[in-house]
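Comments concern the structure below.
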Amino acid sequence: QVQLVESGGGLVQAGGSLRLSCLASRTIAGASVMGWYRQAPGKQRELVAFITVHGTTNYADSVKGRFTISRDNAKNTVYLQMNSLKPEDTAVYYCNAKNFWEYWGQGTQVTVSS
């Protein structure tokens, strides 16, 4: 059963914007810290941002000031607004949720061309 579904990835030019969405089940989204990770080819998967149920956020230094994570618990959805995209942001972006268990989405490709 797919419990996290990402959408919104695509190809964008440097300086452009994308908004990623992650739809979760109500039971997961309502009781989980949710976040976005990314992994570029040959690189380790890294945390991009996370947000608690209460709304506390944290960002990787590399995206701070450019990306914004948010959640809409009524819609069981977490978002990642990505502005001023750079080629180094190119990666597969994965939605993640953590409660007692950990859940991963299938990933969505973000490609930023220079």
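Brief remarks on what is shown
- In this simple spin-label model, placing a label point 7 Å from the Cα along the Cα-to-Cβ direction at both Arg45 and Ser17 gives a separation of 2.9 nm.
- Highest GNM mean-square fluctuation among Lys86, Lys98, Lys43, for the chain modelled with Cα contacts below 10 Å: Lys43.
- Asn83 sits among other residues whose Cβ lies under 14 Å from its own Cβ, and their net charge, with Lys and Arg +1 and Asp and Glu -1, is +3.
- Put a dot 7 Å past the Cα of Lys86, heading toward its Cβ, do the same for Thr27, and the two dots end up 4.1 nm apart.
- Full extension of the segment from Val53 to Lys75, taken as 0.36 nm per residue of separation minus the current Cα-Cα distance, would add 6.6 nm.
- Heavy-atom accessible area order for Phe67, Phe100, largest first, 1.4 Å probe: Phe100, Phe67
- Only Lys, Arg, Asp and Glu carry charge here, each on its Cβ (+1 for the first two, -1 for the last two); on that basis the chain has a dipole of about 120 debye about its Cα centre.
- Magnitude of the charge dipole for the range 31-77, about its Cα centre and with charges confined to Cβ atoms of Lys, Arg (+1) and Asp, Glu (-1), is about 120 debye.
- Whole-number accessible area per residue in Å² for the chain, which is evaluated in the context of all protein chains at 1.4 Å: 55 Å²
- Carbon-plus-sulfur accessible fraction, the chain (probe radius 1.4 Å, protein heavy atoms only): 50%.
- Candidate cross-link partners of Lys86 among the lysines, defined by an alpha-carbon separation under 22 Å and a same-chain spacing of 8 or more, comprise Lys43, Lys64.
- Charge context of Tyr93, other residues only, Cβ under 15 angstrom, K/R +1, D/E -1: +2
- Given charges at Cβ of Lys, Arg, Asp, Glu: the chain dipole, positive-most of Thr52, Leu4, Val92: Thr52
The values are calculated or read from the model by the stated rules, or taken from the named source; none is laboratory data. Here the structure is a predicted model, which means the values were calculated and not measured. Methodologically, a virtual Cβ is constructed for each residue, glycine included, from the backbone with ideal geometry; neighbour enumeration extends over all protein chains shown. Note: accessible area is taken over every heavy atom of the protein model, side chains too, but ligands, DNA and RNA are not part of it. Shrake-Rupley method; radii C 1.70, N 1.55, O 1.52, S 1.80 Å.
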